[in-house]
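Chemist: One structure coming up, written as structure tokens, with questions to follow.
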């Protein structure tokens, strides 16, 4: 073997050994900002959470970047949305991580959607239907009631993974549930006037929000999930929506504004920008902020 | 709403109508009409019953809260997820994905005469392929976790010439400690960047010239790879590979034991929320024994040359990807470059019908490519690539000792082949791609080959996950 190559490798290994941080908190890699925020709420200073994506990214389409492989390598736990939302990149991260703790089937692998009853579970799947998810619509966090269910499951899991701190997680979990319950009552009261309001969405990722608040999705700008609209489809949409105009067009932080602005100008219906996840708007600083801001924006436009 | 019921009713009506057309007594007609009416009312009743049941179920579903929040889930139990493959024994079927690829090529120069000047021929994976329509390569991949400890992957390639080959067939460990993983079987070597990438994920129809010249396309190992990921937030990956080393530039060795090894190191990270990168350095050493190739002498006579000796290759690779806030839905840019340098040291044999000679041989050859691909709209991308090779000035003992003229080694005459490629592709969805590529290919040095290629790539089956 080449001597210089050996020397180079020895130097690298010793550099790495020197740079290895001392282990302290439970290291969690969360795939999405909302579940990262929930893990922070529940884990407090016992967890060190890294969010693999931001609210400005489409979680369907993310690269298995080197930085994420490195985080997966060091994670004690992965918190994913599941239901195939991350199918294009998470399997690679897990396989490349060389980390047995976070492989599916182990306590260190948590899927939020696994504890929920998902909507829109197709009876048959075919790619001609667009980017459909065989296990149901995975964008479940926007029904705030689901957050409480996932929180209970995640608290139980944190206790299982980090048994030494179980009482701490138990206490934080109960505290969160109490605060969330109060917030839920507040949001539902504030959003009462929204019930029955017709809205247009881009992708079918507002289904849970609409169902929770009683908004009625009358049209989607994507003709099929993940399929961009053609001009003829948009023209048809304009005709249809001019006849029966919706109240609002919903746009997520990560969506392009072009199609919604175009539609808005033609049917004279305002666009409301929603954070979609934590960090999507300046107001959506944490999970409470996410729903405060979402409902403020929805009710603000309709006033 | 109930197409099958409607279809049945229509069939019944048509059948009865046909019967009625036949000469018949009035009593028969009225009897048939009575039967038809009975059928109709029967179906209507059934449809009404089904509709009311559906409405009832819909009300029930709407009335149920999203899930029972009251009961706290038990401490860890593997999450029950609905079986993917229809349940039963099929639930354990591996993920199956099929890539269909094909193309149409219009080439100025005869592809049978294709060669990369100054480099020893590296086998089948060289050149632009056939003229006209070509089925290209269809790829079948089966992959699944074997158990909690191993992941298995088989990728078979079906060529347009009706041959079936195993591209990759490997096991990879999932449960080794300390960031270690072991891969064994046949796999694409992890050296460089593009070597591990399957052909359907390339940004151009073909491989860079330097990969064609030095590896005959892609280097596959029949062996094992041990990889270690450093426990740092900076991505640092070190790997060592060894195997039979029988693929070009190595050859099968006529004794027990391994042929050569590869050492790889990759580093990567993000720079802000819009840029991510990876860079690496790899080293490959293999032995070749009687690696033969046909050549022509000064006078046009056919000879068989053969290299025996050590082949060492260095690869430096770098890739950078950009998209606004990491959201590649609208726009993205990818820039990648690799530099490869090979030193071969040993004996070169020269065998014609008249004589068989052998003397020392030493050559240092290198090449690089630089390519950029810009996605300017959600479904549209264009890219450009520049290839450059330098065959160096080989020290051929038979020439240096004035036994033979350099002109007797036509394939080894010093040369600097190059190529320019432009690419444009349209991606109706994540699973389909149509590509147009135009190439100015100066690999032969004496003639410029302009190549126009149209390619399609379709993916069916399991959702593929691509490496960075």
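The values are calculated or read from the model by the stated rules, or taken from the named source; none is laboratory data. Owing to the predicted nature of the structure, the values given are computational and were not obtained by experimental measurement. Note: ideal-geometry Cβ built from the backbone for every residue, glycine included; neighbour counts use all protein chains shown.
Chemist: Please pick out the residue among A:44, A:108 that is modelled with pLDDT of 95 or more, surrounded by fewer than 20 Cβ atoms within 10 Å (Cβ to Cβ) and in contact with a helix residue (DSSP H, G or I) (Cβ under 8 Å, 6 or more places away or on another chain).
Modeler: None of the others qualify; the one that does is A:44.
Chemist: Something else now. Can you report the number of residues in segment A:228-255 which are crowded, with 17+ Cβ neighbours inside 10 Å and either in the same structural domain as residue A:137 (by TED's automatic domain parsing) or not in a helix (DSSP H, G or I) (or both)?
Modeler: Qualifying residue count for the region: 12.
Chemist: So if I check each of B:343, B:313, B:299, which one is crowded, with 16+ Cβ neighbours inside 10 Å and more than 24 Å from the chain's Cα centre (by Cα)?
Modeler: None of the others qualify; the one that does is B:343.
Chemist: Quick one: in segment B:199-211, of everything that is closer than 25 Å to residue B:391 by Cβ and assigned to a helix (DSSP H, G or I), which residue is farthest from the other protein chains (Cβ to nearest Cβ)?
Modeler: B:209
Chemist: If we scan segment A:138-160, do we find a residue that is outside any loop (DSSP other than H, G, I, E, B), more than 7 Å from every other protein chain (Cβ to nearest Cβ) and under 23 Å from residue A:63 (Cβ atoms)?
Modeler: Yes, segment A:138-160 contains at least one residue that is outside any loop (DSSP other than H, G, I, E, B), more than 7 Å from every other protein chain (Cβ to nearest Cβ) and under 23 Å from residue A:63 (Cβ atoms).
Chemist: Out of B:345, B:317, B:305, which single residue is closer than 25 Å to residue B:402 by Cβ and within 14 Å of chain A (Cβ to nearest Cβ)?
Modeler: Only one candidate passes the filter, namely B:345.
Chemist: Taking into account only those residues within segment B:249-271 that are at pLDDT below 95 and surrounded by fewer than 16 Cβ atoms within 10 Å (Cβ to Cβ), which is nearest to residue B:210 (Cα to Cα)?
Modeler: Only one residue fits best here, namely B:252.
Chemist: For residue A:209, are the conditions met, namely being more than 10 Å from chain B (Cβ to nearest Cβ), in a helix (DSSP H, G or I), within 30 Å of residue A:228 (Cα to Cα) and at pLDDT 95 or above?
Modeler: yes
Chemist: Kindly indicate whether residue B:240 is surrounded by fewer than 22 Cβ atoms within 10 Å (Cβ to Cβ), within 14 Å of chain A (Cβ to nearest Cβ), touching a residue at least 12 places away in the same chain (Cβ under 8 Å) and more than 30 Å from residue B:426 (Cα to Cα).
Modeler: Considered against the rule, which asks whether it is surrounded by fewer than 22 Cβ atoms within 10 Å (Cβ to Cβ), within 14 Å of chain A (Cβ to nearest Cβ), touching a residue at least 12 places away in the same chain (Cβ under 8 Å) and more than 30 Å from residue B:426 (Cα to Cα), residue B:240 comes out as yes.
Chemist: Then there is this: Scan segment B:323-339 and tell me whether some residue there is touching a helix residue (DSSP H, G or I) at 6+ places or on another chain (Cβ under 7 Å), within 14 Å of another protein chain (Cβ to nearest Cβ), in a strand (DSSP E or B) and closer than 21 Å to residue B:197 by Cβ.
Modeler: There is no residue in segment B:323-339 that is touching a helix residue (DSSP H, G or I) at 6+ places or on another chain (Cβ under 7 Å), within 14 Å of another protein chain (Cβ to nearest Cβ), in a strand (DSSP E or B) and closer than 21 Å to residue B:197 by Cβ.
A quick yes/no check of all residues on (1) free of Cβ contacts under 8 Å to residues at least 40 places away in the same chain; (2) surrounded by 22 or more Cβ atoms within 10 Å (Cβ to Cβ); (3) closer than 30 Å to residue A:106 by Cβ; (4) touching a helix residue (DSSP H, G or I) at 6+ places or on another chain (Cβ under 7 Å):
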| site | (1), (2), (3), (4) |
| --- | --- |
| A:140 | no, yes, yes, yes |
| A:148 | yes, no, yes, yes |
| A:155 | no, yes, yes, yes |
| A:178 | yes, no, no, no |
| A:182 | yes, no, no, no |
| A:201 | no, yes, no, no |
| A:206 | no, yes, no, yes |
| A:209 | no, yes, no, yes |
| A:212 | no, no, no, yes |
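Chemist: A further question on this structure: For the subset of segment A:47-80 comprising residues that are without any contact (Cβ under 8 Å) to a residue 60 or more places away in the chain and in a loop (DSSP other than H, G, I, E, B), which member is surrounded by the most Cβ atoms within 10 Å (Cβ to Cβ)?
Modeler: A:52
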